[in-house]
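What follows is a set of notes on a single structure, which appears directly below.
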Amino acid sequence: MLVAAFVGHPILAPAPASAATGDYKKCTVGDRVVDKDGATGTVVSAESGGVYCHVDLGPADRTHMYIFWMLRRAGTPLVDPVEVARIVPGHYACYAGSPLHYVGIELTIVGALGYRDVQGASGRFAYDPATQNVRFLSGSLRGQYGKYLRRGNIGLASRPTTFWATVCDLQA
């Protein structure tokens, strides 16, 4: 079955930079940042050329360590509503693991709510731009969940989640 590659045990992989929460590319001391839970703080130290940073979240909390892609600049929206208004049509190849590797899942987004799998079978999905959540209604991905991660990335999972071990990238 096509979905077998991402059903079952999750593969814990670092998110690729293209799937990051925001456009924060490097930890820099003094930057005001926000994490995925909405906690705002200041970068107080950076390691490995800005890949890792310690963020002071204020007097009620201690300093937390993050990887740059887990953060976004304070004052910037989590996503641009125009960018996620619709899933970009095209061919997507899917990857998982650490290091990332191709998992044999491919889909082509056709129109606003349709897709074809790697064998060419058609299916439908529902998409909510407000949450960026995808629910596959028919076809080989029926019953699976996803999230449009923007810039040509779709996270896939077998249940609703906030962790996308399998990420499908729009192919140029």
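The values are calculated or read from the model by the stated rules, or taken from the named source; none is laboratory data. Everything numeric here is computed off the predicted structure, so don't read it as measured data. Accessible surface areas use protein heavy atoms only, side chains included; no ligands, DNA or RNA. Shrake-Rupley method; radii C 1.70, N 1.55, O 1.52, S 1.80 Å.
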Open item on the list: Starting from 0.36 nm per residue, how many nanometres of slack lie between residue 108 and residue 74 once their C-alpha separation is accounted for?
Closed with: 8.8 nm
TODO: Provide the gained length on full extension for the span residue 135 to residue 29, in nm with one decimal, where the gain is 0.36 nm per separating residue minus the Cα-Cα distance.
DONE: 34.2 nm
Open item on the list: For residue 135, what accessible surface area do you get with a 1.4 Å probe? Give it in Å², rounded to 10.
Closed with: 120 Å²
Open item on the list: Restricting to Cα pairs below 8 Å that are 6+ residues apart, what does the relative contact order work out to for the stretch 66-172? Please round to a whole percent.
Closed with: 22 percent
